Amino acid sequence: MSTEILANLSLAVQKGRAKDVEALIAQGLAEDFTAQQLLEDGLLTGMNLLGVRFKNNEVFVPEVLIAARALNKGTLLLKTQLVEEGVKPIGTVVIGTVQGDLHDIGKNLVRMMLEGSGFQVIDLGVDVAPETFVEAVREHKPQIVALSALLTTTMGSQRGVIEALEGAGLRGTVKVMIGGAPITEAYANEIGADAYTADAASAAQMAKSLVAA
Amino acid sequence: MTGKERIARILRREPVDRIGIHEHFWGDTAKGWKDYLNGEGNLERFWDLDVCECWPLNLVADLDAGSVIVAEDENTATYYDGNRATLRKHKFKDGTPEHVDFFVKDRENWEAWAKPLLLAGALDRRINYAAYEQSRQIANEDGRYFVLSGVNVFELMTYLCGHENLLAGMALDPEWVADMVDVYSRMIVEAQTRLIEKSGLPDGIWFYDDLGYKEHPFLSPGMYDELVLPGHKRTMDFAHALGLPVILHSCGFVEPLVPGFIEAGVDCLQVIEIKAGMDLLKLQRLYGDKLCFMGGIDARVICSNDKALIDAELEAKIPVMKQGGNFIIHSDHSVPPTVKPEIFRYYLERAAALGKY
């Protein structure tokens, strides 16, 4: 059992080569790697390395998109074995673009990076009302709620979600991360969010540190 | 000095009386300012801005399809457009629509459906000659710098396929994207040629192509150079051949792409989105000898309605920028209705005073 296969799997994700991922997973399973090894030391390692390069402006959205597609292909192939092995995600994140805002590109990139870091992500989509976030927290019991807003005219809705979580008595059960073009650290502090990050890769890193804390 | 003279001279780096002044507003803003505007629907005229724009071209794939509403709720409408894109938009607010789905996701439907429609001729039907001629006349009467505005290749491709399909396509099938850039850039040039031949020259051409978002461009400088620059260069070479300067609008953080913009032929970069990470004064240091700038005033500061904050923003930027003789003040995107009109007037008056030579 050569660990070269894990390195190749990581590389295939970073290059967005979905067919290579498929072949390497078949090979890995045939060589008695566990699904958890292939996931964590191959697929997720590749996505994490790409995330660092993305944050440093060494790779850009096209590369992240095709890497995410390759990663999804791989995790789909491993799904049954992961359940059999009892492998669980490192945490659950409920994510959405806040009410009044229909932008989804930034939110989708964060979702991809979170999935690439081993999170289960419940994507509520765009234009999500505060009460929908509350319902999703009740249903999925996430560790993190991630709120996106692109516009100066909609960033106020992030505060509305935090207030709705407080009103429902759920604020203490989740960490709230916020992001989006007009958002700053100062604004996050002002509205009582737990974390602000400027880009998708940083959001995934922050989410990992929040669940580890 | 009229706005027309002022902007023309700024873009040629010739001396002017003050910095240029221009602005964009969200659609809701005029509604919110209705009483203050006292019936004047032309905001460029009301605020005596230096530039007047006209958007006369329609490069949607199927001109006859129109927009068909397929679902509706209290606040939003989901519609199907002439690019066979399914989009959802707020009924009462401006903004980019949600990308629900796209018929053209890859080369297959581009070649089978969109490309043949775009190349089918009937270019005249894509051009609103009357609107252009009317705007041009009003701009001339008012002494404003008249620009022929429209989107360029990247934005056109996102309308057709959506960002995710397009950007993934750039990595997986660059020849497909290059073909779209080729078709769209030729169409822009052909339509503008026809329009200008029939209805006269504008003072400049203003292209809109949002190539960035927060802290990052959508694509690498290398990918821009390989795939988008040829389309930009073709359309900008056309403008320059007619002696027309080119303004390029891009939202988002596009600093890494600026050398490519200069190579393509951009004369003035707009909108310098501070909240996305752009730094107006840094750009002036790095590229002020090659580019003019329009924008870079943090809209969040204007939105604060706080005169002291506005003073600080203007005083930090205008004295530096005016030294280059290459600056047209503008917010870093658009002015929303939350800005009080009295405060916006204060902002313009302070900018004009500080920007006087």
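The values are calculated or read from the model by the stated rules, or taken from the named source; none is laboratory data. From a predicted model like this one, the values you see are computed outputs, not experimental measurements. Ideal geometry is used to build each Cβ from the backbone, glycine not excepted, and the neighbour counts take in all protein chains shown.
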Based on what the data block shows, is B:Cys292 within 14 Å of another protein chain (Cβ to nearest Cβ) and of a type in the set (A, V, I, L, M, F, W, C)?
-> no
Taking first residues from region B:118-138 that are in contact (Cβ under 8 Å) with a residue 60 or more places away in the chain and second residues anywhere that are among the β-branched types (Val, Ile, Thr), the pairs with Cβ under 6 Å that are 6 or more apart or on different chains are B:Leu118/B:Val183
Has region B:228-241 got at least one residue that is over 26 Å from B:Gln323 (Cβ atoms), in contact with a helix residue (DSSP H, G or I) (Cβ under 6 Å, 6 or more places away or on another chain), modelled with pLDDT of 95 or more and β-branched (Val, Ile, Thr)?
-> yes
Out of all the residues in region A:1-52, which are within 18 Å of A:Leu65 (Cα to Cα), buried (at least 17 other Cβ atoms within 10 Å of the Cβ) and of a type in the set (Val, Ile, Thr)?
-> A:Val13, A:Val21, A:Thr45
Scope region B:195-226; condition within 13 Å of chain A (Cβ to nearest Cβ), out of contact with any His (no Cβ under 8 Å at 6 or more places or on another chain) and under 29 Å from A:Leu151 (Cβ atoms); matching residues = B:Leu211, B:Gly212, B:Tyr213, B:Lys214, B:Glu215, B:His216, B:Pro217, B:Leu219, B:Ser220, B:Pro221, B:Met223, B:Tyr224
Just for region A:116-136: of the residues that are in contact (Cβ under 8 Å) with a residue 12 or more places away in the chain and more than 25 Å from B:Pro97 (Cβ to Cβ), which one is surrounded by the most Cβ atoms within 10 Å (Cβ to Cβ)?
-> A:Gly116
Among (1) in contact with a Phe, Trp or Tyr (Cβ under 7 Å, 6 or more places away or on another chain); (2) over 30 Å from B:Ile318 (Cβ atoms) - the single one B:His99 does not satisfy = (1)
Subset of region A:58-80 [within 7 Å of another protein chain (Cβ to nearest Cβ) and under 16 Å from A:Ala203 (Cβ atoms)] = A:Val61
Residue tally, condition among the polar types (S, T, N, Q) and more than 19 Å from the chain's Cα centre (by Cα), over region A:64-85 | 2
Got a sec? Which of B:Leu348, B:Leu286, B:Leu280 is more than 21 Å from A:Asn57 (Cβ to Cβ), away from every other protein chain (no Cβ under 14 Å) and aliphatic (A, V, I, L, M)?
-> B:Leu348
From the option list A:Thr80, A:Thr152, A:Thr75, single residue qualifying as over 30 Å from A:Phe33 (Cα atoms) and among the hydroxyl-bearing types (Ser, Thr, Tyr) is A:Thr152
Working carefully through the options B:Glu215, B:Glu315, find the one that is at positive phi and surrounded by fewer than 24 Cβ atoms within 10 Å (Cβ to Cβ).
-> B:Glu215
When only residues in region B:147-204 that are among the polar types (S, T, N, Q), assigned to a helix (DSSP H, G or I) and touching a strand residue (DSSP E or B) at 6+ places or on another chain (Cβ under 7 Å) count, which is farthest from B:Cys292 (Cα to Cα)?
-> B:Asn165
Tally the residues that are in a loop (DSSP other than H, G, I, E, B), at the interface with chain A (Cβ under 10 Å from one of its Cβ atoms), touching an Asp or Glu at 6+ places or on another chain (Cβ under 8 Å) and closer than 27 Å to B:Tyr132 by Cβ, restricting the search to region B:57-106.
-> 2
Within region A:95-108, which residues are among the hydrophobic types (A, V, I, L, M, F, W, C), closer than 30 Å to A:Leu9 by Cβ and either surrounded by fewer than 24 Cβ atoms within 10 Å (Cβ to Cβ) or out of contact with any helix residue (DSSP H, G or I) (no Cβ under 9 Å at 6 or more places or on another chain) (or both)?
-> A:Ile105
State whether one or more residues within region A:58-68 are touching a helix residue (DSSP H, G or I) at 6+ places or on another chain (Cβ under 8 Å), surrounded by fewer than 23 Cβ atoms within 10 Å (Cβ to Cβ) and not aliphatic (A, V, I, L, M).
-> no
